Amino acid sequence: MKIVTAASHRRNSGQVLIITSLIVVMLLLSTVIYVTETQRNSPTYDNRADPAFSAIRQGALHTVISALANISRGGAASVLVTDLNLFESAITSHSASAILNVDVTPLNTATYQNGTWISWGSSGEGVSSAYVSFEVNSTHPAATHYAEFAVNVTSRIVVGGFYEQLTGASKEVNLTCTVSNKGEAALAQNLTVYYERDGSLSPEEWIQAASVATIDYGNGTYLMSFTAKTDQRSNPMLVSVHCTDLRGIFVRANATCTLVG
């Protein structure tokens with residue numbers, strides 16, 4: 001039996017995430033407008049960072065999270081740049097008392113392409129990440145403010161495990177999964193486990209594991225146990241753990257379990 005993910009469902013989920021993010025951004029923009037209007041009514045010189053920048057930073061963070069959640073769940077990689085352009089346009093067009101310039105630079109390196117890095121390999125580790133740099137210039141009649149910051153949104157899962165032979169081709173599988181955001185422990189919204197029918201990826205024939213017993217240690221670590229039945233007793237045990245974290249970002253990792261006993 002071959003597991004096929006419903007692409008249309010993921011696209012719909014991604015669209016909902018974009019709409020939700022834009023609502024959040026517009027709420028944050030209302031804060032920016034309020035602050036700038038207050039500054040216009042009281043135009044005293046202040047050499048500290050513009051208070052409105054904190055709202056801009058939060059809006060940028062929500063925009064990047066929403067775009068990465070969309071991309072990781074099947075959306076186009078161009079979603080990040082599209083959403084950033086919309087965010088930049090919304091910020092600059094709602095600046096009432098200042099000339100506001102926002103420069104947005106998605107990271108491009110050996111791993112990041114146009115700000116995103118998706119790596120769901122077979123070595124037991126999966127990464128979904130976005131990295132964008134921002135430069136903000138705000139010129140008021142009485143002061144000029146400047147800020148630069150980077151938004152790095154990274155969800156990572158590490159999977160490892162072992163299995164024991166039962167009767168026939170059945171196997172008792174125990175997995176340890178660690179979920180993190182930017183290197184800090186994070187919680188999963190849901191975890192789904194699949195195993196390969198004959199232990200070979202040619203072709204891929206993933207079966208969703210049933211009756212998975214899960215222990216949540218509350219620190220990003222999960223212990224999962226289930227019984228799998230492959231085609232042959234000698235088949236290797238390949239697993240794939242799919243995770244959606246609390247921010248709606250999807251990440252998965254494949255791993256080969258070790259035979260014990």
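The values are calculated or read from the model by the stated rules, or taken from the named source; none is laboratory data. If you're wondering where the values come from, they're calculated on a predicted model, not measured in any experiment. As a convention, Cβ positions derive from the backbone with ideal geometry for all residues, glycine included, and neighbour counts pool all protein chains shown.
Residue check: Ser202 meets all listed conditions (1) over 30 Å from Phe53 (Cα atoms); (2) touching a strand residue (DSSP E or B) at 6+ places or on another chain (Cβ under 6 Å) but one, namely (2). Scanning region 64-91 for residues that are under 18 Å from Ile249 (Cβ atoms) and charged (D, E, K, R) returns Arg73, Asp83. For the structure I just gave you, tell me whether Val81 is of a type in the set (Val, Ile, Thr) and either part of a loop (DSSP other than H, G, I, E, B) or in contact with a Leu (Cβ under 7 Å, 6 or more places away or on another chain) (or both). Criteria not met by Val81. Determine whether region 113-134 contains at least one residue that is among the charged types (D, E, K, R), closer than 30 Å to Thr230 by Cα and outside the structural domain of Asn235 (by TED's automatic domain parsing). Within region 113-134, one or more residues are among the charged types (D, E, K, R), closer than 30 Å to Thr230 by Cα and outside the structural domain of Asn235 (by TED's automatic domain parsing). Any chance region 245-259 includes a residue that's over 29 Å from Gly74 (Cα atoms) and in contact (Cβ under 8 Å) with a residue 24 or more places away in the chain? There is at least one residue in region 245-259 that is over 29 Å from Gly74 (Cα atoms) and in contact (Cβ under 8 Å) with a residue 24 or more places away in the chain. Residues in region 88-105 that are modelled with pLDDT of 80 or more and more than 17 Å from Ala147 (Cα to Cα) were compared, and the one that is surrounded by the fewest Cβ atoms within 10 Å (Cβ to Cβ) is Ser89. When the residues of region 242-254 are filtered to those that are over 8 Å from the mean Cα position of the chain (by Cα) and surrounded by 23 or more Cβ atoms within 10 Å (Cβ to Cβ), which remaining residue is nearest to Asn70 (Cα to Cα)? That would be Cys243. From the list Gly115, Gly121, the lone residue that is within 28 Å of Arg156 (Cβ to Cβ), at pLDDT below 95 and not aliphatic (A, V, I, L, M) is Gly121. Among the candidates Ser93, Ser128, the residue that is within 30 Å of Phe162 (Cα to Cα) and either touching a residue at least 24 places away in the same chain (Cβ under 8 Å) or of a type outside the set (Lys, Arg) (or both) is uniquely Ser128.
Check region 216-234 and report whether any residue there is under 28 Å from the mean Cα position of the chain (by Cα), farther than 19 Å from Pro203 by Cα, modelled with pLDDT of 95 or more and among the aliphatic types (A, V, I, L, M). Yes, region 216-234 contains a residue that is under 28 Å from the mean Cα position of the chain (by Cα), farther than 19 Å from Pro203 by Cα, modelled with pLDDT of 95 or more and among the aliphatic types (A, V, I, L, M).
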